[in-house]
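Coordinate-derived values only; no laboratory data. Quick caveat, the model's predicted, so the values are computed rather than measured. Here the Cβ positions follow ideal geometry from the backbone for every residue, glycine too, while neighbour counts run over all protein chains shown.
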Amino acid sequence: MSEHETSPNTGRELLTQHAMLVLWGVYAQQIGLVEALEEVSLSQKRRDHRPQTKIIEFLLAILAGLPHLKDLSQAAHPLVKDQAVAEAWDQPGWADHSGVSRALHHLNDEETQAIIDAVTNIEQPFIDQECERALAMGGMLVYDADLTGRPVSSTSTTYPAAAFGYMGDGVSLGYQAALVSMHSPTYGRLWLANQLHPGDTVSSTQAEALVMAAEARTGYRPRRRTELVSTRLAKAEAVLAAAEEPYEESYQKQREAQDRLHDTKLELSDWSRELRSLEAEYARSGRVPTAHCKLAQARRKVATYAKRMPRVEAAIGVADRRVARHERKLVEAQVEVDRLRQRLQQLEDENQSNLHPIRARFRIDGGFASAENITWLIEMGYTLDTKARSRGVRDGLIAALSPETVWQRVGGNAMLTAWTGTTANGYFTYPVDLALARYQTGKNVRHSVLVHYSDTDDALDLEQWFHRYNGRQTIEAGIKEGKNVFQMHHLKVRSPQALRLQEHFASFAANFVRFAALRLGQQQLHLPCFDTGSVKQMVQVCAHTSAMVKRFGDVWLLTFTEQSLFAGHSLHIGNGTFQLPLPLFRDVHFCHF
C-alpha cells in the first residue's frame, strides 16, 4: 500500500507491531517532546531522513528495550518498517540503523547538550510537581545515589575513555554510571541525573557531584549547618594559634644552631690559617715546638673546632627537621583555617539566598561513605542514612559488645544494637548514630554498621531505621530495570557524545514511561487488562505486540489483534469523542495503564 492509503489520518486501519510505541508517540507529541527534539539545531546534512528523526529513533530504540541498535532494522518486526509508530511520533518514516549510528557518531558536545537540555526541559515540570507533592506529604525530599558498571569486552579498543574497574563481582573494562534518583509519591522513583565516567571511578569521589546534581535538578536545598562549620573553624583557629609558638621556638633554635655553625666554621678557618703560618715560621727558624708554645696551642684549637664541627652540623640537621615539622603543622593548620573560612562564607551565602530551605534525606551505600563525605553531607544540611565504610569502626563496635548488650530483631535474619551521638573514637567529625547489624545466615554471622545523622531523634526506632536505609533498594531496582528492561547492559554506541546521550535517554525513558502510564490510564474507561505498574511489561511486551491503529481526529484508537496477548482489548489516547466500530457479535474491552 502507499503511504496515503495506510495513513491513520484517512480513517483507515493501520497495523502496528509496536502498540505501546504508538501510544507513547501520541503522548510525546502532547507534552511537546517531539517538537522539542525537532527544534534542536544539528549541523548534519539531510539525505533521506532529518538528523532529528534519527535522534528520535534512537530514543525509541531505548524505549523499546532493544539490545542493539541494529535491531531497529533487523529484529523480527523491524521498527523502521512500522509506519504507525512513525506517524504517532509525527515522522515521515524511519532511517536504517546504520544511518542512526552515523548521526550519533557525528554529534558534537554542543549538539549533545542541546538534545539533553530538550528532554530535561520536558520532564522538569513533572519533577517540580513531584517535589511539591513529596514536601507536602512527607515534609522532605528523599534522594538515593549509586554507581553502576557499564562493562564492555575486555579486549575492546574502540570505546573511548573506558577503563578497568570493579563492576559487579569482578574487574571489567568499561564505564561507571553515577546516578541519583528521588522518591516520588506518584511514580515511585524518578531519575534526576546520570553521568558516565571511566570504569576505574570509585563511589567516594562522586558523592559531592551527585548531591549538587540533585539540588540543581530539583531547585531545592536544605539549610546549611553553618553553626557546625563555625565550631570547627574556632577549633581550627585554636590549633593554628597553638602551632605558632612551637614553630617560633624551633625557628629560634634553628637560628642559634646556624650561628654556632657559623662561629665554629669561622674559628676553625682562623685557627687553621694561624696553624699554617706558625708551622711555616717554626720551620724557617728551626725552632722546636714545646707543649705550651703558640704552635701547640694552635694545633689544640684546630683539633677542638674540627671535633666540634660534626656535632654542630648534626645539631643543624635536628633544628632543620624540627622547624620543617612545626612549619608543616603550621601550614596545615593555616590551610585548614582558610578552607573552613571559605566554606563557612560559601554556606552562609547559600543560606542567605535560600529563602525556602527544605528537609532532605540522602541515602548512599558504604562505598560513598568516607569520613570526609559524611562530614560534607552533614554540613550541607542533609539527613543522612548510609553504612560505615571503615572496618575499624565495625571492629570497634564489635569489641564494645558485652553480655548485657541488647539486640532488637528488625528482620528475618537481622538484629540491631545502637549507639547514639558518637564519633567512634574520632573517626567521624560530628557525633552520629551508629547501629551494629548482625545477620545470621545458617552458621555464619556477619556484621555491618549503619550510620545516621539527623536533627531529630528518628534513629531511636531501630526497626524503622533498618527499613529506612534499606529503602534505598529502590535505586538498585532502578539500576536493574535500566540494565534488563531498557537493555543498558548493551552499549549501543561508541562515540563519547553518543554514550553520554544514551545514558540520559535511558534515565529519561524510565521517567517518561511512568509519566505516560499515568496520563494514559486517566483516559481509559475500564479496568486495565495488564499490569500497569510494570515498566517491564509495558516495554518488553506491550511495546512489541500487534494492534490495529485508527485515528479519529485527535483521538487514536488501538485494538489489539488476535495474535496479541491482549486480543480483543483496546486503548485510546487523545482529546475528543469518537464512534467505536464494533464487529458483529464481539465486545471490545477498554484497558488503561
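Tabulated data
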{"read-out": "Burial order of peptide ranges 393-406, 156-169, 16-29 (average beta-carbon count within 10 Å, highest first)", "value": "16-29, 156-169, 393-406"}
{"read-out": "Helical contribution to [θ] at 222 nm, DSSP H n ≥ 4, -39,500 (n - 2.57), averaged over the chain, rounded to 500", "value": "-16500 deg cm²/dmol"}
{"read-out": "560, 466 arranged by Cβ crowding within 10 Å, fewest neighbours leading", "value": "466, 560"}
{"read-out": "Overall form of the range 288-403 per C-alpha gyration tensor (a/c, 1.5; a/b vs b/c)", "value": "oblate"}
{"read-out": "³J(HN,Hα), Karplus 6.51/-1.76/1.60, whole Hz, each residue of the range 500-513, x for Gly, Pro", "value": "5, 5, 4, 4, 5, 5, 5, 5, 4, 4, 4, 6, 4, 4"}
{"read-out": "In nm, spacing of pseudo-spin labels at residue 164 and residue 356 (7 Å Cα→C-beta vector)", "value": "5.2 nm"}
{"read-out": "Separation of alpha-carbon centers, the range 183-226 and the range 497-549, rounded to whole Å", "value": "24 Å"}
{"read-out": "Highest-first arrangement of 56-64, 446-454, where packing means the average Cβ count within 10 Å", "value": "56-64, 446-454"}
{"read-out": "Mean-position separation - Cα centroids, the range 44-81 and the range 362-376, in angstrom", "value": "40 Å"}
{"read-out": "Percentage, to the nearest whole number, of Cα pairs in the range 227-339 over 23 Å apart", "value": "55 percent"}
{"read-out": "Residues whose placed amide H lies under 5 Å from that of residue 432, excluding near-sequence neighbours", "value": "421, 422, 423"}
{"read-out": "Separation between Cα centres of the range 93-139 and the range 277-294, rounded to whole Å", "value": "100 Å"}
{"read-out": "Residue pairs, from the table 45/70; 387/483; 45/81; 45/550; 54/550; 387/480, whose Cα atoms sit over 28 Å apart", "value": "45/550"}
{"read-out": "Charge sum, other residues only, whose C-beta stays under 11 Å from residue 218's C-beta, Lys/Arg counted +1 and Asp/Glu -1", "value": "-2"}
{"read-out": "Ordering of 182-193, 287-298 by packing [mean C-beta count within 10 Å, highest first]", "value": "182-193, 287-298"}
{"read-out": "Candidate lysines - alpha carbon under 24 Å from residue 265, same-chain residues fewer than 8 apart omitted", "value": "253, 294, 301, 307"}
